[in-house]
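Below is one structure, written out as structure tokens, with a few remarks after it.
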Amino acid sequence: MPAQKNKGSVLLKLAIVLVVLAAIGFVAMQQFRPTARVKAANRQDAADAVTGTVTVDAEGATRELKSESEGRVIWCEALRQSARFKKDDKLLELDSTDLKRLIADTERTFEYNSLMKRFALSAGKPELLENLGNISDEALVKKLQGLSEDRRQAERKLAVTKRMLELNAASSEDVRTAQLNLENIDSGLRRTVLEDKKSLTDHESTMAALNEQLKRMTIRAPADGQIDLPQTWEGALIGKGQVVATWFSNERVVAAKISEESFSKVKVGQRANLRLLTYGLQEFEAQVASFHPKADDAQRFTVFLTVKVEHPEDVLLPGSTGEVTITVDRHPNALMIERRAVFDSDKVYVVKNGRVDKRTLRVGFVALNVVEVLDGLKDGEQVIIDNLDQFHDGQRVQIEVVE
């Protein structure tokens, strides 16, 4: 009996040891299983997108501000580097003293000559020919006829000559001479009206040219913008056509380069997300505004974007670069997984009951970070997303769930 009892005790101890060793082995095997980071397939909107590189520039790029006249600069405080301006703001002024004096002299000379003509045509009463309004040429001739002393004398002489002809005290030739003299005076008055009209037109043309020249002595901003680099200073003598500064507009042109195979998907009005290196990972909403239907030397097409930001002149800096994602189609409530989980274009590793299961998928839209799954995967199944080269079909693994 004692021998049997001892034998039973040994077997029990051996069984306990084996159980402990098995437990230790199980724990050790669990610990030595590789850990797979997984993420569950979930439902969200799937988008088909086209990507491209982006450049930002001011409309018309950097432009030259040129002087349309010559002279000495007397004011150019607005031409400071990076200074901002509004359309029609004064940017530079040239000394116009001599030109203003010429304009005043020209106006004064014309007024004096006009007064002398009115004085002569009105028998010393020029006020009778002022403020005539839009009187016709013929009406003005009649008025001048009524004011002309020479014409009154010619009329009287013609009347006297005609009466003398009736009394045989003058000849028909005398009458024709008197008539011709009156007609010559009338012709002279008509010519005077035409000459005065031409003189006024010439004067107005001269004054318009002088005032236009005066206007060009001041350079005004052609649009809202900002000075890039001033190239003159107060007191400088500049010539016509000389560049006084370079500037750029506040209007921005955001251009994306799209590959030839993707360009056919792009349509005006499509939504886009824009990233600029200047702002890191920050995204800006944008929209396709237009495109240039001719490829560049690298067979890329240019798409122009409208970026939804306030004060684009402050945010969209000329010379900035970045990338854009244009959404060209969308499927609502689609099954989606991480793009990094896919290998060989349509394969994934799914962890089911602690084992790796290699799947072949039917893939839909492929975006920058996610992929649409049309077949081969169910909602909630856990897909390995990292270090795919460390796993194989049928392998036992632990999992770390990534939200």
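The values are calculated or read from the model by the stated rules, or taken from the named source; none is laboratory data. Given the structure is predicted, the values throughout are model-derived calculations rather than measurements. Cβ coordinates were reconstructed from backbone atoms using ideal geometry, including for glycine residues, and neighbour counts include every protein chain displayed.
Return yes when Val193 is over 30 Å from Val303 (Cβ atoms), in contact with a helix residue (DSSP H, G or I) (Cβ under 8 Å, 6 or more places away or on another chain) and not assigned by TED's automatic domain parsing to the domain that holds Val366 and no when it is not.
yes
For the range 294-321: of the residues being in contact (Cβ under 8 Å) with a residue 60 or more places away in the chain and among the hydrophobic types (A, V, I, L, M, F, W, C), which is farthest from Glu59 (Cα to Cα)?
Here the answer is Val303.
Which of the residues that make up the range 226-269 are among the basic types (Lys, Arg) and under 21 Å from Arg330 (Cα atoms)?
If the condition is that a residue be among the basic types (Lys, Arg) and under 21 Å from Arg330 (Cα atoms), then Lys265, Lys267 are the ones that fit.
Tell me, yes or no, whether the range 16-32 has at least one residue that is modelled with pLDDT of 90 or more and not charged (D, E, K, R).
There is no residue in the range 16-32 that is modelled with pLDDT of 90 or more and not charged (D, E, K, R).
Within the range 72-86, can one find any residue that is in contact (Cβ under 8 Å) with a residue 12 or more places away in the chain, closer than 16 Å to Lys215 by Cβ and touching a strand residue (DSSP E or B) at 6+ places or on another chain (Cβ under 9 Å)?
Within the range 72-86, one or more residues are in contact (Cβ under 8 Å) with a residue 12 or more places away in the chain, closer than 16 Å to Lys215 by Cβ and touching a strand residue (DSSP E or B) at 6+ places or on another chain (Cβ under 9 Å).
Report, by residue number, each residue of the range 266-293 that is in contact with a strand residue (DSSP E or B) (Cβ under 6 Å, 6 or more places away or on another chain), closer than 26 Å to Arg63 by Cα and either exposed (fewer than 14 other Cβ atoms within 10 Å of the Cβ) or at pLDDT below 95 (or both).
Leu277, Ser290, Phe291, His292
With (1) surrounded by 14 or more Cβ atoms within 10 Å (Cβ to Cβ); (2) small (Gly, Ala, Ser); (3) touching a strand residue (DSSP E or B) at 6+ places or on another chain (Cβ under 7 Å); (4) not in a helix (DSSP H, G or I) as the list, and Ala170 as the residue in question, which single condition is left unmet?
(3)
Among Thr302, Thr321, Thr325, which is within 23 Å of the chain's Cα centre (by Cα), modelled with pLDDT of 95 or more and surrounded by 13 or more Cβ atoms within 10 Å (Cβ to Cβ)?
Only one candidate qualifies: Thr302.
Check off (1) of a type in the set (Asp, Glu); (2) at pLDDT 95 or above; (3) surrounded by 14 or more Cβ atoms within 10 Å (Cβ to Cβ) for Asp48 and give me the number that stays unchecked.
With respect to (1) of a type in the set (Asp, Glu); (2) at pLDDT 95 or above; (3) surrounded by 14 or more Cβ atoms within 10 Å (Cβ to Cβ), Asp48 is out only on (2).
Restricting attention to the range 113-130, does a residue exist that is among the hydroxyl-bearing types (Ser, Thr, Tyr), out of contact with any Gly (no Cβ under 6 Å at 6 or more places or on another chain) and over 30 Å from Arg216 (Cα atoms)?
Scanning the range 113-130 turns up at least one residue that is among the hydroxyl-bearing types (Ser, Thr, Tyr), out of contact with any Gly (no Cβ under 6 Å at 6 or more places or on another chain) and over 30 Å from Arg216 (Cα atoms).
Going residue by residue through the range 151-165, is there one that turns out to be in a helix (DSSP H, G or I), in contact with a helix residue (DSSP H, G or I) (Cβ under 9 Å, 6 or more places away or on another chain) and under 27 Å from Ala208 (Cα atoms)?
no
Filter the range 138-167 down to the residues that are within 13 Å of Asp186 (Cβ to Cβ), in contact (Cβ under 8 Å) with a residue 24 or more places away in the chain and acidic (Asp, Glu), then identify the one that is surrounded by the fewest Cβ atoms within 10 Å (Cβ to Cβ).
Asp150
Just checking, which of Arg216, Arg176 is within 60 Å of the chain's Cα centre (by Cα) and either at pLDDT 90 or above or surrounded by 14 or more Cβ atoms within 10 Å (Cβ to Cβ) (or both)?
That would be Arg216, the only listed residue that is within 60 Å of the chain's Cα centre (by Cα) and either at pLDDT 90 or above or surrounded by 14 or more Cβ atoms within 10 Å (Cβ to Cβ) (or both).
Going by what's in this entry, would Gly319 be described as more than 19 Å from Thr35 (Cα to Cα) and outside any loop (DSSP other than H, G, I, E, B)?
Considered against the rule, which asks whether it is more than 19 Å from Thr35 (Cα to Cα) and outside any loop (DSSP other than H, G, I, E, B), Gly319 comes out as no.
Can you work out which of the residues in the range 249-265 that are within 21 Å of the chain's Cα centre (by Cα), surrounded by fewer than 21 Cβ atoms within 10 Å (Cβ to Cβ) and hydrophobic (A, V, I, L, M, F, W, C) is farthest from Ala78 (Cα to Cα)?
In this case the residue turns out to be Ala255.
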